[in-house]
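**Q** I'd like to ask some things about the structure below.
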Amino acid sequence: MNGMKVKIDSAGRVVLPKNVRDRFRLKAGSRLELEESSEGILLKPAEQSPSMVLRDGVWVHLGALPEGLDWNKLVDHDREERIKDIWGR
């Protein structure tokens, strides 16, 4: 992929090719670090912190919930599935 050419639009945006986005797991909203040097510009994925961490033996979610997620429905669905497993249905 070295030497690939991309264009800058009138708003200063650069579109990364899909295969590059896929390889680096970049999606809309992903953050990139920009470094300047005498050779040019380097873009690299910004350091990401994990959304789940283990605190005192308990997994804690630090990230944001997906848009539209209904926490109560999720808990109710999980509870129903567990009851079905217990009763063998």
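**Q** Could you give the angle, 0 to 90 degrees to the nearest 10, between helix 71-87's Cα long axis and the longest principal axis of the Cα atoms of the chain?
**A** Helix 71-87 and the main axis of the chain meet at about 50 degrees.
**Q** Scan around Leu32 for amide H atoms under 5 Å from its own, H built in the peptide plane at 1.01 Å from N, and keep only partners 5 or more places away or cross-chain.
**A** HN-HN under 5 Å from Leu32: Ala46.
**Q** Divide the volume of the convex hull of the Cα atoms of the chain by its number of residues and quote the answer in cubic angstrom per residue.
**A** Taking the convex hull of the Cα positions in the chain, it is 206 Å³ per residue.
**Q** Each residue of region 11-17 in turn: what ³J(HN,Hα) in whole Hz from Karplus with 6.51, -1.76, 1.60 and θ = phi - 60°, glycine and Pro shown as x?
**A** Along region 11-17, the couplings run 8, x, 8, 10, 9, 7, x Hz.
**Q** For a quick check of your reading of the filter: which GluC sites (Glu not before Pro) in the chain sit in a DSSP loop and have no more than 16 other Cβ atoms within 10 Å?
**A** Sites meeting the loop and neighbour criteria: Glu39, Glu47, Glu67.
Any read-out appearing in this document is the output of simple, stated calculations on the displayed coordinates, not a laboratory observation. Remember, predicted model here, so these are calculated numbers, not experimental data. We place every Cβ from the backbone using ideal geometry, glycine too, and count neighbours over all the protein chains shown.
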